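One structure is given below, encoded as structure tokens.
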Amino acid sequence: MSEAIRASDTPFSVEVESGQTYYWCACGKSSQQPFCDGSHKGSEFNPVKYEATASEKKYFCGCKRTGNSPFCDGSHKQS
Ligand code: FES
């Protein structure tokens with residue numbers, strides 16, 4: 001399995017809306033980070049679906065190394 005591209009060295013803060021569905025980019029290739037734009041097609045990666053249950057600020061993983069996708073777990077601090 002190939003490694004995801006590191007899209008950012010820090011998480012993306014997003015004000016999500018309750019009831020909305022989001023697709024987090026797992027491959028790192030999307031130009032609409034942190035969300036999927038379809039660029040993963042043809043790779044082994046697939047976006048991660050997230051349904052917001054509250055309107056609030058969330059921190060989506062940008063380094064694509066999180067163990068708690070689609071959210072940041074601090075993995076970007078490791079090399
Ligand atoms: Fe990265 Fe879709 S563009 S998962």
| Pick from the stretch 9-52, criterion under 16 Å from G67 (Cα atoms) and hydroxyl-bearing (S, T, Y), ranking: nearest to the ligand (Cβ to nearest atom) | Y50
| request: Name the residue, out of S2, S30, S13, that is among the polar types (S, T, N, Q) and at pLDDT below 95. | output: S2
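Rundown of residues vs (1) closer than 19 Å to D73 by Cα; (2) in a strand (DSSP E or B); (3) not hydroxyl-bearing (S, T, Y), yes/no style:
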| position | (1), (2), (3) |
| --- | --- |
| I5 | yes, no, yes |
| V14 | yes, yes, yes |
| S18 | no, no, no |
| Y23 | yes, yes, no |
| A26 | yes, no, yes |
| Q32 | no, no, yes |
| H40 | no, no, yes |
| task | Note down all Cβ pairs under 8 Å where the first residue falls in the stretch 49-73 and is surrounded by 20 or more Cβ atoms within 10 Å (Cβ to Cβ) and of a type in the set (G, A, S), the second is at pLDDT 95 or above and not in a loop (DSSP other than H, G, I, E, B), and they're at least six residues apart or on different chains. | result | G62/F12; G62/H76
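The values are calculated or read from the model by the stated rules, or taken from the named source; none is laboratory data. Note that the structure is predicted; figures quoted are calculated from it, not measured. Every residue, glycine as well, gets a Cβ built from its backbone with ideal geometry; the counts of neighbours run over all protein chains shown.
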